[in-house]
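Mind looking over this structure? Questions follow.
The values are calculated or read from the model by the stated rules, or taken from the named source; none is laboratory data. What you see is a predicted model, and the numbers here were worked out from it, not measured in a lab. A quick note on method: Cβ atoms are made from the backbone with ideal geometry, for glycine too, and the neighbour counts reach across all protein chains shown. The area values use the complete protein model at the heavy-atom level, side chains included, leaving out ligands, DNA and RNA. Shrake-Rupley method; radii C 1.70, N 1.55, O 1.52, S 1.80 Å.
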Amino acid sequence: MEARRRAALVALAVLAMAAAAAEGYNITKILGEYPEYSQFNKLLTQTRLAQDINKRRTITVLVVANGDMGSLAGGGRTLQTIRHMLQIHVLVDYYGGKKLHQLAHGVTACSSMFQESGAAPGMSGYVNITQHRGGKVTFTAEDAEDSAPSSAFVKSVKEIPYDLAVLQISKVLASPEAEAPVAAPAPVNITELLSKKYCKSFAGLLAADAEAYSTINATKDNGLTLFCPVDAAVASFMPKYKNLTAKGRTAILLYHAVPDYYSLQLLTSNSGKVSTLATSNVAKKDYSFDVEKDGETAELDTKVNSASVTYTIKDDDPLAVYAISKFLQPKELYKVAKDKDLAPAPAPEGPKKKKTTKKKPSAAASPSDDDDDDSAADSPDDDSSSDDATADKDGAAPSAVAGWVTAAVAVASALALAA
């Protein structure tokens, strides 16, 4: 009986750890608890590498303390060069403290995110891990010069078994290839780019809205995905757009911009809820939409309407621009259809019905009397609250959650039997 109870408790503990891993992690929040890594953490954010780390599973991050930043702390490097230097510190395998001291033959080589980026020639993006007598473990970049000192394992900072390990090392890894200068991206004129393709009308709307244009333009070099409705979609939506207040127009333009870079492959493989520039620029509003895979492309669902990605205008990290089939209508500005796919078309009205239903517009429908500057005059949303205040691209998928619930029931049953 005691053995059965002990086994059930072990199963419950394993389930708890697995469920925590399924929820995902946030590397900036993890490092934010340790002030001694603040400089390293800041660079992860500035280079947008933190976002890439959060999307991965089975990964090891080698961090250095503020006083050991060395070449990473020096100025004069572009963000892309610093990103490469940080990527060599992110191993695409799990190495917890225990595994480090149980290396087969005492040495191994592991690929890094720098190797996976395609920017590392040959095997230069690999990191050699060596276990020495006395338990010392060192890390050395594959392309490091023979005279370059290795970096020693200091301690384990955070471990989520088999998913994430954050280890402190004594110094920055020396890698000539990762440190090689990378030119800053050529400046991009957003409105000019859109006008040359399928989105001349949308470009005109952006150019006419100083706040929306300024916000999008300031974000494009730090990671931006912009969805521009094709000219026909803009023309169809213009009557509703003109009926929006000034703040509503700015919000709906920012709603088409996601403050993160998504290649089309990443966009379709990470289906789920995404936040937009409107999310962070409009107080107490959600302004998110769902991204779903639709064959070889992606579909954007706002709960009011949906649009498909029809053409890739630009896909060059840190900027991606996609043409979409419709003007996105956020639920914060327009009423959510009960079932936009199955709702029947309105029945035709006879002459008598038109005569009897004709009435004077109410004050609530007038743009000039609207108390909420973000609402649409022709179709205000009476319930602009959202079930989730923020988007979480890295949360567990519904199927995974269901799996953990099933496992939890099984463990509970085991405990009941053991009692």
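Which is open to solvent by 10 Å² or more (accessible area, probe 1.4 Å), at pLDDT below 95 and over 20 Å from Ser156 (Cβ atoms), of Gly106, Gly97, Gly76?
None of the others qualify; the one that does is Gly76.
Within region 289-301, does at least one residue satisfy the condition of being surrounded by 15 or more Cβ atoms within 10 Å (Cβ to Cβ) and in a loop (DSSP other than H, G, I, E, B)?
There is no residue in region 289-301 that is surrounded by 15 or more Cβ atoms within 10 Å (Cβ to Cβ) and in a loop (DSSP other than H, G, I, E, B).
With the checklist (1) surrounded by fewer than 18 Cβ atoms within 10 Å (Cβ to Cβ); (2) more than 22 Å from Val309 (Cα to Cα); (3) more than 17 Å from the chain's Cα centre (by Cα) in hand, flag the one item Asn222 doesn't pass.
Single failed check for Asn222: (3).
Filter region 275-286 down to the residues that are touching a residue at least 12 places away in the same chain (Cβ under 8 Å) and part of a loop (DSSP other than H, G, I, E, B), then identify the one that is surrounded by the most Cβ atoms within 10 Å (Cβ to Cβ).
Thr276
Would you be able to tell me the number of residues in region 221-233 that are touching a Lys or Arg at 6+ places or on another chain (Cβ under 9 Å) and assigned to a helix (DSSP H, G or I)? Walk me through how you get there before you give the answer.
At the first step, the residues of region 221-233 found to be touching a Lys or Arg at 6+ places or on another chain (Cβ under 9 Å) are 222-223, 226, 228-231, 233.
Now drop any that are not assigned to a helix (DSSP H, G or I), which leaves 222, 231, 233.
Qualifying residue count, region 221-233: 3.
So, in region 53-68, how many residues would count as being assigned to a helix (DSSP H, G or I) and either open to solvent by less than 40 Å² (accessible area, probe 1.4 Å) or of a type in the set (Phe, Trp, Tyr) (or both)? If you could, list the steps in order and put the result at the bottom.
Initial filter on region 53-68 (assigned to a helix (DSSP H, G or I)): 53-54, 66-68.
Then drop every residue that is not either open to solvent by less than 40 Å² (accessible area, probe 1.4 Å) or of a type in the set (Phe, Trp, Tyr) (or both), which leaves 53-54.
Count: 2.
Pairs under 6 Å by beta carbon, first residue at negative phi in region 263-274, partner open to solvent by 40 Å² or more (accessible area, probe 1.4 Å) and modelled with pLDDT under 85, six or more apart or different chains?
Asn270/Lys393
Residue check, Ser71 against (1) at pLDDT below 90; (2) assigned to a loop (DSSP other than H, G, I, E, B), all met but one. Which one?
Every listed condition holds for Ser71 apart from (2).
Here's a check for you: in region 185-206, which residue that is in contact (Cβ under 8 Å) with a residue 12 or more places away in the chain, within 27 Å of the chain's Cα centre (by Cα) and open to solvent by 70 Å² or more (accessible area, probe 1.4 Å) is farthest from Gly74 (Cα to Cα)?
If we take residues in region 185-206 being in contact (Cβ under 8 Å) with a residue 12 or more places away in the chain, within 27 Å of the chain's Cα centre (by Cα) and open to solvent by 70 Å² or more (accessible area, probe 1.4 Å), then Tyr198 is farthest from Gly74 (Cα to Cα).
Right, next: Just the residues that are more than 12 Å from Leu226 (Cβ to Cβ), outside any strand (DSSP E or B) and modelled with pLDDT under 95, please, taken from region 306-330.
Matches in region 306-330: Asp317 only.
Are there any pairs with C-beta distances below 8 angstrom linking a residue in region 239-260 that is closer than 13 Å to Ala208 by Cβ and open to solvent by 50 Å² or more (accessible area, probe 1.4 Å) to a residue that is hydroxyl-bearing (Ser, Thr, Tyr) and assigned to a strand (DSSP E or B), with the two at least 6 apart or on different chains, and if so which?
So the pair list comes out empty.
Could you pull out every one of the strands (runs of 3 or more DSSP E) wholly within region 131-201 that has 3 or more residues that are touching a strand residue (DSSP E or B) at 6+ places or on another chain (Cβ under 6 Å) and farther than 24 Å from Lys99 by Cα?
none
Can you tell me which residues in region 109-126 are touching a Leu at 6+ places or on another chain (Cβ under 9 Å), surrounded by fewer than 19 Cβ atoms within 10 Å (Cβ to Cβ) and of a type in the set (S, T, N, Q)? If you could, list the steps in order and put the result at the bottom.
As a first pass, look at region 109-126 and keep what is touching a Leu at 6+ places or on another chain (Cβ under 9 Å): 110-114.
With surrounded by fewer than 19 Cβ atoms within 10 Å (Cβ to Cβ) added as a condition, the list becomes 110-111.
Answer for region 109-126, where residues must be touching a Leu at 6+ places or on another chain (Cβ under 9 Å), surrounded by fewer than 19 Cβ atoms within 10 Å (Cβ to Cβ) and of a type in the set (S, T, N, Q): just Ser111.
Moving on to the next point. When you look at Ile129, is it open to solvent by less than 20 Å² (accessible area, probe 1.4 Å) and touching a residue at least 60 places away in the same chain (Cβ under 8 Å), yes or no?
No.
Restricting to region 145-162, and then to whatever is of a type in the set (Ser, Thr, Tyr) and open to solvent by less than 80 Å² (accessible area, probe 1.4 Å), can you tell me which residue is farthest from Arg56 (Cα to Cα)?
Across region 145-162, the extreme among qualifying residues is Ser150.
Can you go through Glu142, Glu177 and tell me which one is open to solvent by 60 Å² or more (accessible area, probe 1.4 Å) and over 17 Å from Arg83 (Cα atoms)?
Sole residue among the options that is open to solvent by 60 Å² or more (accessible area, probe 1.4 Å) and over 17 Å from Arg83 (Cα atoms): Glu142.
OK, next. State which residue pairs qualify: first residue without any contact (Cβ under 8 Å) to a residue 12 or more places away in the chain and inside region 288-311, second residue of a type outside the set (A, V, I, L, M, F, W, C) and open to solvent by 10 Å² or more (accessible area, probe 1.4 Å) in any location, beta carbons under 7 Å apart, and separation of 6 or more residues or different chains.
Sorted first by the residue in region 288-311, then by its partner, the pairs are Glu299/Glu292; Glu299/Ser306; Glu299/Ser308.
Further, regarding this structure: Do you know which residues across region 253-297 are under 18 Å from Leu319 (Cα atoms) and either charged (D, E, K, R) or in contact with an Asp or Glu (Cβ under 7 Å, 6 or more places away or on another chain) (or both)?
Leu253, Asp260, Tyr261, Ser263, Leu264
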